[in-house]
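A quick write-up on the structure given underneath.
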Amino acid sequence: MKQKNVVQINEVKEERFFQQKHELVLKIRSFIESKLSFNRYAQLQAEFSQRSEHTVPPDFEDGFFQFWLFFCHRYESGLRGIEWFFQSQEARLSPDEKTMAKRWTGLSLKLVEAVQKGDDYVVFEDVLTKDKFTVNDTSENIPEFLPWYSTIGLLEEFGDKYYFNGVRIFKGPTNLYQAVNRVQNLVETEKLSNEQILFDFYPEILSSFLTEQIGLVKEESKNREIPEYILEYEVLNESLLESFLLVERGFILDKDEAGKKIISWVGNWKQYRDNELEGEVLLAEVFGVISIEKDKLIFTSFDQQKTEELKSILKNVSLIVQFVSEKIKTITLPFNAIIKNSFAQMSKEVPPYFALYAQADLLSEIDITIPKYNHKSIRQLVESNQVVWADTWLKQNEYNLYQQVKQQFKKVEVTADFNTVRKLLKLPLSAFVKGGAERHTSVEQIGNPYSQNVIDKEDIPFYEDLGFTPSSIDNFYAKDLVAFFKEKTFGKGEGTVRKYRSSVYLIKEQFESQSLESWNECDESFWTKMIVEDLLEIEVVSNSFRKDFFSTIKALTKWIDSNKNMSISKSALKVINDTEDWLASGKLFQKA
């Protein structure tokens with residue numbers, strides 16, 4: 001009951017605070033307007049619009065103009081509006097109004113961004129001074145929360161929290177960076193303090209804050225045209241066609257309703273794992289989409305090579321479909337826009353917005369070059385000490401993704417993981433990521449989960465030769481080890497076959513003993529355990545076998561890198577080189 005009473009008292013105080021602010025603003029407005037002629041008022045309005053480059057939305061323009069008149073613009077006396085008002089009207093104000101008006105004369109403009117979220121507050125940081133302010137999280141004060149929410153405005157202390165004073169618009173980190181950059185340039189050219197610049201050049205700084213995509217390079221401001229390939233076929237036997245396509249590797253039935261079937265052609269499967277998630281998200285690239293309706297098949301794709309490949313596939317089933325036409329449609333896109341069509345699959349227990357997190361694929365995105373940043377990737381920006389650009393890019397993407405999830409699903413219970421990438425780049429962590437420093441996600445290449453692991457009859461002797469059993473042939477490494485062994489021993493003598501058989505057998509045994517799930521887990525600790533702890537501590541290992549074993553590991557890991565688009569050979573090579581150095585120095589006992 002006591003806690004409830006305290007809350008009610010605070011609500012009454014807050015309501016009185018807002019009412020007092022409103023009444024004082026009306027008095028300031030009346031005072032300023034009484035001092036300005038109609039022509040002078042219109043001149044100032046035109047000046048504000050021109051200096052702010054007409055960037056203020058029409059619905060907000062009058063509010064921002066009056067804010068500038070009250071708190072920023074200096075009149076002939078050299079005083080700002082609030083200073084002029086207080087000097088002239090102090091004697092006519094009530095004690096509470098006088099206290100508030102005097103406090104307003106001392107407020108300074110700030111460029112702030114949200115850096116932390118609590119139950120009933122948001123911590124904002126002044127990006128120029130690094131001062132932090134605990135701001136009350138109410139709809140009147142902060143209309144909508146987003147990570148790294150940013151604005152330019154005045155902050156007024158009331159009770160144990162701060163409140164925004166006056167009109168403001170919240171934007172993302174990129175807009176804030178643009179405004180900060182404008183301030184820093186003006187400080188350098190005008191030789192004034194940050195505080196003076198923010199007041200004297202408020203319209204210009206506001207323009208930089210509200211303008212989207214300042215600093216685009218010439219090519220980014222253009223549009224580009226991309227071709228969309230369209231094939232049309234007459235369907236002669238729909239049931240046979242569907243059976244044929246779904247047996248073909250990579251075709252998945254997406255939708256079957258109201259006499260229309262949608263089939264996606266997918267590949268390049270990946271698996272997204274997240275320690276805030278039970279299970280995983282499977283992702284695949286969509287090469288093209290087939291729609292079948294009323295004896296007509298339409299295939300659309302942006303990939304010319306895949307379009308030609310489908311034509312070859314369907315050419316072999318002329319009794320099922322008959323080619324009708326082929327055409328190309330041109331689509332105009334912004335220069336940097338990328339058409340990324342992907343297929344996501346997950347269990348019912350997984351919140352659907354995790355598909356968006358998986359599709360963001362930040363671990364890959366940080367290595368894609370960006371024209372705006374002189375064609376450098378985010379990783380390259382960090383490596384070249386251009387951390388502000390990289391940090392702003394990550395913040396903006398976190399802001400955008402949170403906003404997208406909130407718009408689609410109304411509520412964000414588990415935020416996207418931007419800390420795995422930040423740890424990788426050695427950047428400060430985001431306080432908005434659920435799980436904080438302990439959050440971890442990964443994306444790895446996998447085989448087609450819909451394909452059956454069928455072993456060719458002629459390969460059975462190889463599986464048996466390498467010690468595989470019916471219970472182990474489905475392990476992820478089985479087909480790869482057999483394929484590697486076949487490739488390296490084809491047409492070779494018994495000595496070579498024996499060398500690879502013995503080494504690959506031992507590698508297979510190591511996999512089985514450690515219960516690995518993917519090649520990505522073959523890190524330095526894995527190779528150290530295999531080579532140092534499990535092999536070289538056995539005194540009967542000869543030098544010749546050691547050399548054969550090491551060369552097989554080198555060859556296998558390079559083969560995996562090449563065939564599976566991975567990079568496990570570096571860690572294996574490091575352990576081998578270190579081990580050979582130890583052996584040469586006599587630190588490890590080895591029997592000749």
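Just so you know, all these numbers are worked out from the coordinates, no wet-lab data involved. Keep in mind that this is a model prediction, so the values were computed, not measured. Positions of Cβ are generated from backbone atoms using ideal geometry, with glycine treated the same way; all protein chains shown enter the neighbour counts.
A few comments on the model shown:
- In plain terms, the chain from Ile226 to Glu413 could stretch by 63.5 nm, reckoned as 0.36 nm per residue minus the Cα-Cα distance.
- Alpha carbon convex hull of the stretch 225-445, volume per residue in cubic angstrom: 148 Å³
- Residue-by-residue Karplus 3J(HN,Hα) for the stretch 75-89, coefficients 6.51, -1.76, 1.60, Hz, glycine and proline x: 8, 4, 6, x, 9, 6, x, 5, 5, 5, 4, 5, 4, 8, 10
- Over the chain, Cα pairs under 8 Å with separation of 6+ residues give a relative contact order of 10 percent.
- Sorted fewest first by neighbouring Cβ atoms within 10 angstrom, Asp160, Asp465, Asp131 come out as Asp160, Asp131, Asp465.
- Counting neighbouring Cβ atoms within 10 Å and putting the fewest first, the residues Phe287, Phe490, Phe343, Phe18 line up as Phe490, Phe18, Phe343, Phe287.
- Spherically averaged projected area of the stretch 459-585 from its Cα convex hull (nm²): 7.8 nm²
- Gln89/Ser347 FRET efficiency (R0 60 Å; Cβ-Cβ; nearest 0.05): 0.35
- Sparse-neighbour loop sites [GluC sites (Glu not before Pro); the stretch 261-310; at most 12 other C-beta within 10 Å; DSSP]: Glu278
- Once the chain from Leu192 to Asp367 is taken as fully extended at 0.36 nm per residue, the excess over their C-alpha distance is 59.1 nm.
- For the stretch 1-210, the C-alpha radius of gyration divided by 2.2 N^0.38 Å, with N the number of residues, is 1.05.
- As a proxy for reagent exposure, ranking Leu206, Leu69 by other Cβ atoms within 10 Å from fewest up yields Leu69, Leu206.
- Relative to the Cα centre, the charge distribution of the chain, modelled as +1 at Lys and Arg Cβ and -1 at Asp and Glu Cβ, gives a dipole magnitude of about 980 debye.
- Here, the chain yields an orientationally averaged convex hull projection of 41.3 nm² when only Cα atoms define the hull.
- The three principal axes of the Cα atoms in the stretch 141-192 give end-to-end lengths of 38, 23, 18 Å, sorted in falling order.
- Centre-to-centre separation between the Cα atoms of the stretch 280-357 and those of the stretch 565-587: 44 Å.
- FRET E, pair Ala555, Lys479, Förster distance 22 Å, beta-carbon r, rounded to 0.05: 0.80
- For Lys547 and His440, the FRET efficiency from 1/(1 + (r/R0)^6), where r spans their Cβ atoms and R0 equals 51 Å, is about 0.85.
- Distance in nm between pseudo-label sites at Ala584 and Glu308 (7 Å out along the Cβ direction from Cα): 5.0 nm
- Note on the chain: dipole from Cβ charges, positive end direction compared against Ser342, Ile576, Cys72; the farthest Cα belongs to Cys72.
- Cβ crowding within 10 Å averaged over residues, with 479-486, 86-93 ranked highest first: 479-486, 86-93
- Each label was represented as a point 7 Å from its Cα along the Cα-to-Cβ direction; for Glu140 and Glu494 these points are 9.3 nm apart.
- Helix 2-35 axis, angle to the chain major axis (alpha carbon atoms, nearest 10°): 60 degrees
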